[in-house]
1. Would you calculate, for the chain, the mean residue ellipticity at 222 nm contributed by helices, counting each DSSP H stretch of 4 or more residues as -39,500 (n - 2.57) and dividing by all residues, to the nearest 500?
2. By its C-alpha gyration tensor, with a ≥ b ≥ c as the square roots of the eigenvalues, how is the chain shaped: rounded for a/c under 1.5, else prolate for a/b larger than b/c, else oblate?
3. DSSP beta bridges in segment 119-201, what fraction antiparallel, as a percent rounded to 5?
4. Take a quick pass over the chain and tell me how many lysine pairs come in under 16 angstrom between Cα atoms, counting only ones 8 or more apart or on separate chains.
5. Counting other beta carbons within 10 Å of each residue's own, what order do Val125, Val176 fall into, fewest first?
6. Pairs of alpha-carbon atoms within less than 8 angstrom and 6+ residues apart define the contacts here; what relative contact order does the chain have, in percent?
7. Hey, what do the phi angles of segment 176-185 turn into as Karplus ³J(HN,Hα) couplings, whole Hz, using 6.51/-1.76/1.60 and θ = phi - 60°, x for Gly and Pro?
8. Could you please rank Trp137, Trp167, placing first whichever residue has the fewest other Cβ atoms within 10 Å of its Cβ?
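Derivation of every value follows stated rules applied to the coordinates shown; laboratory data play no part. All of these numbers come straight from a predicted model, not from anything done at the bench. Because the Cβ atoms are built from the backbone with ideal geometry, glycine has one as well, and the counts that use them run over all protein chains shown.
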Amino acid sequence: MISPKHITGLILAGGRAQRMGGIDKGFILFHHKPLIESTITRLRDQVDSIIINANRNITKYAGYGYPVIMDETPDFSGPLAGFSVGLKACKTPYLLTTPCDSPLLPSDLGSKLAAELERGDFELVYASSKEQDDKIWPQPVFCLMRANLSNSLEAFLKKGDLKIDRWFKELKSSTVVFDHSQAFANVNTPEELQSLEAASV
């Protein structure tokens with residue numbers, strides 16, 4: 001059975017945040033605390049250790065006491081670039097990924113994804129959310145993968161493809177649907193930050 005001690009958590013904080021005016025999203029205040037702190041609080045009991053993937057403010061992120069790793073590509077290549085360096089740094093059999101700007105991520109994210117991964121002997125399992133209109137939306141940056149997928153991802157990136165769903169299709173993958181869609185809400189604009197704060201009081 002996969003337990004938290006078999007899992008490394010990877011927090012993705014390497015984006016440009018263009019819709020937030022380019023400020024580093026990890027340090028945007030959510031209920032008076034940087035978003036990265038809310039993410040760490042929700043993730044740390046689900047994993048054995050945490051790694052932060054960031055491309056700026058490295059020293060500031062390192063102040064939280066976790067290793068900080070940068071993308072190997074210099075152009076903010078998106079979550080797969082973060083996955084790639086995360087897999088290389090991972091010392092456990094599994095890697096659980098989450099963005100830095102979803103402060104309400106489920107406290108049972110790791111356990112539910114792990115149960116599905118074991119059930120079907122999958123290589124990767126990602127979260128999906130059930131919205132209020134009953135539509136199911138994939139949430140691919142919230143996923144649990146086997147740490148031995150580094151070569152697969154490297155080969156995929158060498159083709160010049162950065163689309164996360166296309167890599168997933170090359171793998172034996174599955175998804176778990178979570179009913180609480182708010183858990184995956186992320187902050188892309190000041191308005192989204194305001195409404196998320198109001199909804200989580």
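1. Numbers: 7 runs with 62 residues, N = 201.
Rounded to the nearest 500, it is -8500 deg cm²/dmol.
2. Numbers: a/c = 1.40, a/b = 1.15, b/c = 1.22.
Cα axes put the chain in the rounded bin.
3. On the way: 7 of 13 bridges.
Of the beta bridges lying entirely in segment 119-201, close to 55 percent run antiparallel.
4. Numbers: Lys5/Lys91; Lys5/Lys112; Lys25/Lys33; Lys25/Lys60; Lys33/Lys60; Lys88/Lys158; Lys112/Lys130; Lys159/Lys169.
Lysine pairs, 8 or more places apart or on different chains, close enough: 8.
5. Values: Val125 26, Val176 22.
With the fewest neighbours first, Val125, Val176 line up as Val176, Val125.
6. Working: 380 pairs, mean separation 48.4, N = 201.
After rounding, I find 24 percent.
7. Result, ordered by residue: 10, 8, 9, 6, 8, 4, 4, 4, 9, 4 Hz.
8. Working: Trp137 12, Trp167 22.
Result, fewest neighbours first: Trp137, Trp167.
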